[in-house]
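Before any comments, here is the structure.
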Amino acid sequence: MQIVPYLSFGGKCREAFAFYQCVLGGEITHMMAARGTPAEPHVAPENVDDIMHARLVGDGFSLMGGDAPPQMYAAPTGFSVSLQFDDPAKGKQVFDALAEGGAIIMPFEATFWAAGFGMCHDRYGTPWMVNCETV
């Protein structure tokens with residue numbers, strides 16, 4: 001079994017997944033909009049190019065997401081996507097890239113449990129924790 005985070009966006013999924021691919025690496029294996037699918041007639045014309053399903057797969061991770069219908073979208077709360085690194089320099093690099101244009105909740109720094117830890121919301125509103133445990 002795998003646990004795979006599924007992120008919702010308010011019309012920015014395509015842009016967000018291109019950003020995540022740039023920051024995290026990997027390959028976008030799915031990027032499906034409603035246009036041209038059996039779902040198209042059930043989607044408002046202004047939303048047919050929104051992403052119904054996206055998937056980014058990389059070394060040791062998978063991330064999925066899509067654009068929620070406008071009346072159903074809410075900013076994410078109550079969770080964080082947690083990234084674990086062995087190398088604090090790599091963790092800091094990823095943290096800084098994710099935080100750029102977003103909001104830093106806790107700066108990336110050494111803690112009593114980690115050689116580096118930070119929390120941020122990226123420019124798309126996704127909450128992230130970057131952790132480099134020493135335990």
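Figure legend. Inter-residue proximity from region 109-135: first residues among the acidic types (Asp, Glu), second residues in a strand (DSSP E or B), beta-carbon distance below 8 Å, spacing 6+ or different chains. Indicated pairs: 109/116; 109/117; 109/118; 122/128; 133/84; 133/114; 133/115. Of everything listed in (1) touching a strand residue (DSSP E or B) at 6+ places or on another chain (Cβ under 7 Å); (2) modelled with pLDDT of 95 or more; (3) surrounded by fewer than 16 Cβ atoms within 10 Å (Cβ to Cβ), the single unmet condition for residue 31 is (3). Here is a check on your reading of the model: is residue 75 in a loop (DSSP other than H, G, I, E, B) and exposed (fewer than 14 other Cβ atoms within 10 Å of the Cβ)? Yes; evaluated as a whole, the condition is true for this residue.
All told, residue 36 meets the bar of being on the phi > 0 side of the Ramachandran plot and outside any strand (DSSP E or B).
Taken over region 53-71, the criterion of being in a loop (DSSP other than H, G, I, E, B) and in contact (Cβ under 8 Å) with a residue 40 or more places away in the chain is satisfied by 68, 70.
Checked against the criterion of being surrounded by 16 or more Cβ atoms within 10 Å (Cβ to Cβ), assigned by TED's automatic domain parsing to the domain that holds residue 11, touching a Lys or Arg at 6+ places or on another chain (Cβ under 7 Å) and closer than 25 Å to residue 29 by Cα, region 52-61 has no qualifying residue. Exactly one residue out of 87, 50 is acidic (Asp, Glu) and within 26 Å of residue 107 (Cα to Cα), and it is 87. Put simply, of 116, 101 the only residue that is farther than 26 Å from residue 8 by Cβ, touching a Lys or Arg at 6+ places or on another chain (Cβ under 8 Å), among the small types (Gly, Ala, Ser) and not in a helix (DSSP H, G or I) is 116.
The values are calculated or read from the model by the stated rules, or taken from the named source; none is laboratory data. All values derive from a computational prediction rather than experimental measurement. As a convention, Cβ positions derive from the backbone with ideal geometry for all residues, glycine included, and neighbour counts pool all protein chains shown.
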